[in-house]
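Enquirer: Below you will find the structure I want to go over with you.
The values are calculated or read from the model by the stated rules, or taken from the named source; none is laboratory data. None of the values given here were measured: they were computed from a predicted structure. With ideal geometry, Cβ positions are generated from the backbone for all residues, glycine too; neighbour counts draw on all protein chains shown.
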Amino acid sequence: MVEFITELDFSVLYWIQENLRCAFLDGVSAFLSVSFDMGLFWIALGLILLIFRRTRAGGLAVLISLIVTFIVGELGLKNIFCRVRPCNIDLAVPLAVERPEAYSFPSGHTGSSFAAAGALFGFNRRLGIPALVLAAVIGLSRIYLFVHYPTDVFAGMLLGLSIAFAVVYIFRKYALETRLGRLPAKKREK
């Protein structure tokens, strides 16, 4: 079964390389890869959202989702599955980014992007929908760049969304968004 999935993954990867590869998409995909490396964009977004009372709960949910996704995906699943990246198996495919050394499954870029976007969607759909679209584009760029298998990206998406929705559920269940948004009452002067 694993061999069949890997063959299917490679058939998709090679089709992309043969039919879609161009300088423009190389540049866009490389830009996305560098811009969203280590989740720095999403971390910055979460920190900015923490500043404002109305978005504080959403910002905290984004940051918590990112942390849990990192722990489960990068520290846990990648070291359990130890899946070698496609670019480290077929060295003949030219890369538009530096060759990653870490394991492949699940995609960290995709997991962190969907974790942040899913948490954001849980608190603000107007911002969450474009964030989810951006997360999908980031995931597709990882496949395009030949640094992840399609199943890595799919697993990263599932991981990130599952964790984000669990975090949002906990926030709602315990009314944390209400508690975090309240400002302390002002003391009356005598």
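Enquirer: For the list (1) at pLDDT 90 or above; (2) out of contact with any helix residue (DSSP H, G or I) (no Cβ under 6 Å at 6 or more places or on another chain), I need the number of the one condition that residue 1 fails.
Expert: In the conditions (1) at pLDDT 90 or above; (2) out of contact with any helix residue (DSSP H, G or I) (no Cβ under 6 Å at 6 or more places or on another chain), residue 1 misses (1) alone.
Enquirer: Somewhere in the stretch 41-57, is a residue crowded, with 16+ Cβ neighbours inside 10 Å, aromatic (Phe, Trp, Tyr), closer than 30 Å to residue 20 by Cα and touching a residue at least 24 places away in the same chain (Cβ under 8 Å)?
Expert: Yes - at least one qualifying residue is present in the stretch 41-57.
Enquirer: Let me ask another. Of the conditions (1) at pLDDT 95 or above; (2) more than 16 Å from residue 160 (Cβ to Cβ); (3) among the aliphatic types (A, V, I, L, M), residue 64 satisfies every one except a single condition; which number is it?
Expert: So residue 64 meets the others, but not (2).
Enquirer: Tell me whether the stretch 8-31 contains one or more residues that are in contact with a helix residue (DSSP H, G or I) (Cβ under 8 Å, 6 or more places away or on another chain), in contact (Cβ under 8 Å) with a residue 60 or more places away in the chain and closer than 15 Å to residue 109 by Cβ.
Expert: Checking the stretch 8-31: at least one residue is in contact with a helix residue (DSSP H, G or I) (Cβ under 8 Å, 6 or more places away or on another chain), in contact (Cβ under 8 Å) with a residue 60 or more places away in the chain and closer than 15 Å to residue 109 by Cβ.
Enquirer: Checking residue 98 against (1) within 18 Å of residue 28 (Cα to Cα); (2) without any contact (Cβ under 8 Å) to a residue 40 or more places away in the chain; (3) in contact with a Gly (Cβ under 9 Å, 6 or more places away or on another chain), which test does it fail?
Expert: Unmet for residue 98, out of (1) within 18 Å of residue 28 (Cα to Cα); (2) without any contact (Cβ under 8 Å) to a residue 40 or more places away in the chain; (3) in contact with a Gly (Cβ under 9 Å, 6 or more places away or on another chain): (3).
Enquirer: Here is a follow-up. Can you tell me which residue is surrounded by the fewest Cβ atoms within 10 Å (Cβ to Cβ) among those in the stretch 30-40 that are touching a Leu at 6+ places or on another chain (Cβ under 8 Å) and either at pLDDT 90 or above or not polar (S, T, N, Q) (or both)? Steps first, answer last, please.
Expert: Keep residues of the stretch 30-40 that are touching a Leu at 6+ places or on another chain (Cβ under 8 Å), which gives 30, 33, 39.
So of that shortlist, the ones also either at pLDDT 90 or above or not polar (S, T, N, Q) (or both) come out as 30, 39.
On the way: 30: 17, 39: 24.
That would be 30.
Enquirer: Name the single residue that is surrounded by the most Cβ atoms within 10 Å (Cβ to Cβ) among those in the stretch 125-173 being hydrophobic (A, V, I, L, M, F, W, C) and outside any helix (DSSP H, G or I).
Expert: Going through the stretch 125-173, the residues hydrophobic (A, V, I, L, M, F, W, C) turn out to be 127, 129, 131-138, 140, 143, 145-147, 153-155, 157-159, 161, 163-168, 170-171.
Now narrow it down to the ones that are outside any helix (DSSP H, G or I): 145-147.
On the way: 145: 24, 146: 24, 147: 27.
That would be 147.
Enquirer: A follow-up question, please. For residue 27, are the conditions met, namely being surrounded by 10 or more Cβ atoms within 10 Å (Cβ to Cβ), among the small types (Gly, Ala, Ser) and over 27 Å from residue 65 (Cβ atoms)? Break it down into steps so the answer makes sense when it comes.
Expert: On the way: surrounded by 10 or more Cβ atoms within 10 Å (Cβ to Cβ): yes; among the small types (Gly, Ala, Ser): yes; over 27 Å from residue 65 (Cβ atoms): yes.
Yes; evaluated as a whole, the condition is true for this residue.
Enquirer: Taking the residues in the stretch 106-124 that are more than 18 Å from residue 36 (Cβ to Cβ) and not small (Gly, Ala, Ser) as candidates, determine which candidate is surrounded by the fewest Cβ atoms within 10 Å (Cβ to Cβ). Step through it out loud before you land on a result.
Expert: Taking the stretch 106-124 first, the residues more than 18 Å from residue 36 (Cβ to Cβ) are 122-124.
Among the residues that remain, those that are also not small (Gly, Ala, Ser) are: 123-124.
On the way: 123: 22, 124: 16.
Within the stretch 106-124, the match that is surrounded by the fewest Cβ atoms within 10 Å (Cβ to Cβ) is 124.
Enquirer: I would also like to ask the following. Can you confirm whether the stretch 93-114 contains a residue that is in contact with a His (Cβ under 7 Å, 6 or more places away or on another chain), farther than 30 Å from residue 172 by Cα and not aromatic (Phe, Trp, Tyr)?
Expert: Step one: filter the stretch 93-114 for residues in contact with a His (Cβ under 7 Å, 6 or more places away or on another chain), giving 104, 107.
Cutting the leftovers down to farther than 30 Å from residue 172 by Cα gives us 104.
Add one more test, that the residue is not aromatic (Phe, Trp, Tyr), and what stays is 104.
The answer is yes, given that some residue of the stretch 93-114 is in contact with a His (Cβ under 7 Å, 6 or more places away or on another chain), farther than 30 Å from residue 172 by Cα and not aromatic (Phe, Trp, Tyr).
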